[in-house]
Structures are given as C-alpha cells and as structure tokens.
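*Asks:* I have a structure I would like to understand better, so I am pasting it below and will then ask my questions one at a time.
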Amino acid sequence: MAGMFVLMFAAQSTLSYSQIPADLHRLSTEPLLSARKSTYQSSGAFNPCVIRRKGVYVMLYRAQDKDGISRIGYAQGKDGTHFTQDAEPLLTPEAEYEEGGGLEDPRVVQIGKTYYLTYTGYNKKDAQLCLATSKDLRHWKREGVIMPARMGNWNVGWTKSGAIVPRKIGGKYWMYYMGDGSNDATDQTGLASSIDLVHWTDATDAPILSRRKDQFDSRVVEPGPSPILTKDGILLIYNGADKDLVYRTGWALFDKNDPAKLLARSATPVFAPTESWEKTGQVPNVVFIEGLVRRGNSYLFYYGAADKSIGVGEFKLAPHRVEPL
C-alpha cells in the first residue's frame, strides 16, 4: 500500500512537508527468516531490528521456541536483503524480569560509540521495557528495567517498545514507548526523557500519540524503529492495530525542538499485510516494523510478519502536502 498520506481534515489550508515516507514496498514476496523446527526459534523468528556496522548489516530479532520462551537471535549479511543466522541465540533469559517469558521485540540505536538495545522483558507476570548496552553488538550488558510496569505518570499496565531519538534535544535524550493508558486500558505511545540514556522517566502526564476511534490504530499505537531526524521534524514510524487486531503501519511527525509536540500524522496506513505469510501465523494479519537502515537515498525497513517470519521493504522520503491536525 503506497501513497496514502492524507491527514484527517482539521483546517482549510494545507502544510507542506518535504520528508514524509513514500511508496513503502516489499523487496521480496518471501520472508527473509522464519520459524525453524527443533531449534530455539521453532515457533517463530520475527520482530527484528537492524543496524549497519563496518559495512555489515546486523539483525537482532525475537526468536521463540515451542514453549513460548523468547530469546534474541543474531544474523548478519552484506547487502541488507540476505542474512545468515547464528546457530545459537545471542541473548537468553537470565534476569528475574525475563524469567519464564524471555526477551522480546528488540530495537537498537547507536549513539556515540555505544549501541543501546531496548527490549521487552517478560516474566509471565509483567512485560517491562528493558535496556542493554554494547560496544560491538556481540557482548551486551544488561542495564535493567528502564520503564517499570504500572508505575508511570499515565501508564497503568505493561511497558514496551522503546524507540530512542538518536541525538539530544534540549539537553536531554528522548524515547517514545508504549504503555497502557489509564483512560481506557489500550496501548498508546508515551514519551520519556533521560540525561544519561540509562535512567528514564516519563516526560508527560498523558500519551502523546493516542489511539483513534474506528481507524487502523483504534486499539494499539506502538512505536517502531528509532525515529528519523529530518529538517521538518522527528519522524516516527509506528505500528497500529484496529479493534480486530490487524496490524498496519503509520507515521507521525513531531516538532524537532519539542519531541512531545505532534505536527502531523497519517490518517490511513502506509503498509499492511497482504502476503499469505503475513496473514497466517501465530498472530494473523500482522506487519510490525522494528528495523530501519538508510541505504543511499532510501531506507530499508524490516518487519515481523504474523509473529512467525521476517520481511524486508524499502521507501524514500518524499514531499507531501498534508492537512494539519
């Protein structure tokens, strides 16, 4: 699905943004990786993040076994569309907050010489947003739970999906994350801040990207990869789900000097499940973008499909006129 970037009408005039994602399309009609029998990913290999280091594309992804335990798998490749997997997982459940459920849905960003990996630690009781750090993408130090469940300004449930802005704004680091909103117990996007990238606190008293009734994001509004910094603002790719839990992709643009100020937002999805392996799996009808890497004048995006497989696509940033919020 491409070219659907008109926002909900709210005024007579339009705004011109020169860098909005356009023409999201698959680079393959087959998955890059998928479940492999009798392995640590026998139920699924999905929800990947990808980063390039020394000319190599490194993929970290959620690998789930037949018992429902999730680990972080490691794969790498030279062209961004072909990957070789390690035989053993990179990270396995060790901490108390990972016991029984594991490590889920990683996102990675490089700031300075350090890689910051956010992931969900699940202990069968709570899902909580956690952090690990590394200098080489191979050896990781757990920094612990960074957004505890049920303890936020507005969140009354679990926390997940930390998308860290790759540079300081106003003397702080910023992270978009998902929590359960106190108003209706649905999954929405909030904003946290930090001065050291390890200790994080809520930056607002309410979600900054909320669900929208009767739209593709009426049930879930969940951050995708680390945002793209453009001259127009902070561009966040996000994953939305409707009342039937069909997952599609949207985007939101925030002020480049105020990460909480929403400027524009897609009214319709820009990417949706169409292939059979995106429609059938552990959770049907899901495309879930978590990885994003710039390649030349375009971006490669990596997504989980039906909680079983991994796909890859591409888009460019192109000019659009959109209705203001």
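The values are calculated or read from the model by the stated rules, or taken from the named source; none is laboratory data. Keep in mind that this is a model prediction, so the values were computed, not measured. Here the Cβ is made from the backbone with ideal geometry for all residues, glycine too, and neighbour counts use every protein chain on show.
*Asks:* It is to be established whether one or more residues within segment 86-103 are within 25 Å of LEU27 (Cα to Cα), at pLDDT 95 or above and assigned to a loop (DSSP other than H, G, I, E, B).
*Replies:* yes
*Asks:* Tally time: how many residues in segment 130-149 are at positive phi and touching a strand residue (DSSP E or B) at 6+ places or on another chain (Cβ under 6 Å)? Even if it seems obvious, please write down each step before you answer.
*Replies:* First pass over segment 130-149, keeping only residues at positive phi: 137, 144.
Subsequent filtering for residues that are touching a strand residue (DSSP E or B) at 6+ places or on another chain (Cβ under 6 Å) retains 137.
Residues in segment 130-149 being at positive phi and touching a strand residue (DSSP E or B) at 6+ places or on another chain (Cβ under 6 Å): 1 in total.
*Asks:* To continue, here is another question. Inside segment 204-218, can you point out the residues that are surrounded by fewer than 16 Cβ atoms within 10 Å (Cβ to Cβ) and either touching a residue at least 60 places away in the same chain (Cβ under 8 Å) or closer than 17 Å to TYR247 by Cβ (or both)? Quick ask: steps written out before the conclusion?
*Replies:* Applying the first criterion (surrounded by fewer than 16 Cβ atoms within 10 Å (Cβ to Cβ)) to segment 204-218 yields 204-206, 213-214.
Listed by number, the list holds a single entry, ASP214.
*Asks:* Taking interchain pairs and intrachain pairs at least six residues apart, which have beta carbon atoms under 7 angstrom, with the first residue in segment 233-252 and within 26 Å of ARG167 (Cβ to Cβ) and at pLDDT below 95 and the second among the acidic types (Asp, Glu) and part of a strand (DSSP E or B)?
*Replies:* Close Cβ pairs (under 7 Å, with a partner that is among the acidic types (Asp, Glu) and part of a strand (DSSP E or B)) amount to GLY233/ASP255.
*Asks:* Filter segment 293-305 down to the residues that are of a type in the set (A, V, I, L, M) and surrounded by fewer than 24 Cβ atoms within 10 Å (Cβ to Cβ) and list them by number.
*Replies:* The answer is VAL293, LEU300.
*Asks:* Please go through segment 247-285 and give me each residue that is under 16 Å from the mean Cα position of the chain (by Cα) and either at positive phi or not polar (S, T, N, Q) (or both), ordered by number.
*Replies:* Correct list: TYR247, ARG248, GLY250, TRP251, ALA252, LEU253, PRO269, VAL270, PHE271, ALA272.
*Asks:* In segment 221-232, how many are outside any strand (DSSP E or B) and either under 11 Å from the mean Cα position of the chain (by Cα) or without any contact (Cβ under 8 Å) to a residue 40 or more places away in the chain (or both)?
*Replies:* Looking only at that region, the number is 4.
*Asks:* Further question on the same structure: Note down all Cβ pairs under 8 Å where the first residue falls in segment 310-324 and is closer than 30 Å to GLY73 by Cβ and modelled with pLDDT of 95 or more, the second is among the charged types (D, E, K, R) and not in a strand (DSSP E or B), and they're at least six residues apart or on different chains.
*Replies:* Partner pairs satisfying both residue conditions: GLY311/GLU275; GLY311/GLU278.
*Asks:* Still on this structure: Only one residue in GLY77, GLY162, GLY112 is of a type in the set (Gly, Ala, Ser), exposed (fewer than 15 other Cβ atoms within 10 Å of the Cβ), within 25 Å of ILE228 (Cα to Cα) and at pLDDT 95 or above. Which one? Don't jump to the end; show me each part of the working.
*Replies:* Details: GLY77 fails: exposed (fewer than 15 other Cβ atoms within 10 Å of the Cβ); GLY162 fails: exposed (fewer than 15 other Cβ atoms within 10 Å of the Cβ).
After ruling out the rest, the residue left standing is GLY112.
*Asks:* Let me ask something additional. So, in segment 253-272, of the ones that are charged (D, E, K, R) and part of a strand (DSSP E or B), which residue ends up modelled with the lowest pLDDT? Step through it out loud before you land on a result.
*Replies:* The first filter runs over segment 253-272 and keeps only residues charged (D, E, K, R), leaving 255-256, 258, 261, 265.
In the following step, the residues that additionally are part of a strand (DSSP E or B) were identified as 255, 258, 261, 265.
Details: ASP255: 95, ASP258: 97, LYS261: 97, ARG265: 92.
For segment 253-272, the residue satisfying everything is ARG265.
*Asks:* Scan segment 139-149 and give yes if some residue there is in contact with a helix residue (DSSP H, G or I) (Cβ under 8 Å, 6 or more places away or on another chain), assigned to a strand (DSSP E or B), touching a residue at least 12 places away in the same chain (Cβ under 8 Å) and surrounded by 14 or more Cβ atoms within 10 Å (Cβ to Cβ), otherwise no.
*Replies:* Yes; the residues of segment 139-149 include at least one that is in contact with a helix residue (DSSP H, G or I) (Cβ under 8 Å, 6 or more places away or on another chain), assigned to a strand (DSSP E or B), touching a residue at least 12 places away in the same chain (Cβ under 8 Å) and surrounded by 14 or more Cβ atoms within 10 Å (Cβ to Cβ).
*Asks:* Cβ-Cβ under 6 Å, sequence separation 6+ or interchain: first residue in segment 13-30 and under 12 Å from ASP232 (Cα atoms) and at pLDDT below 70, partner surrounded by fewer than 18 Cβ atoms within 10 Å (Cβ to Cβ) and not small (Gly, Ala, Ser). Which pairs?
*Replies:* LEU15/PRO324; SER16/ARG321; SER18/PRO319
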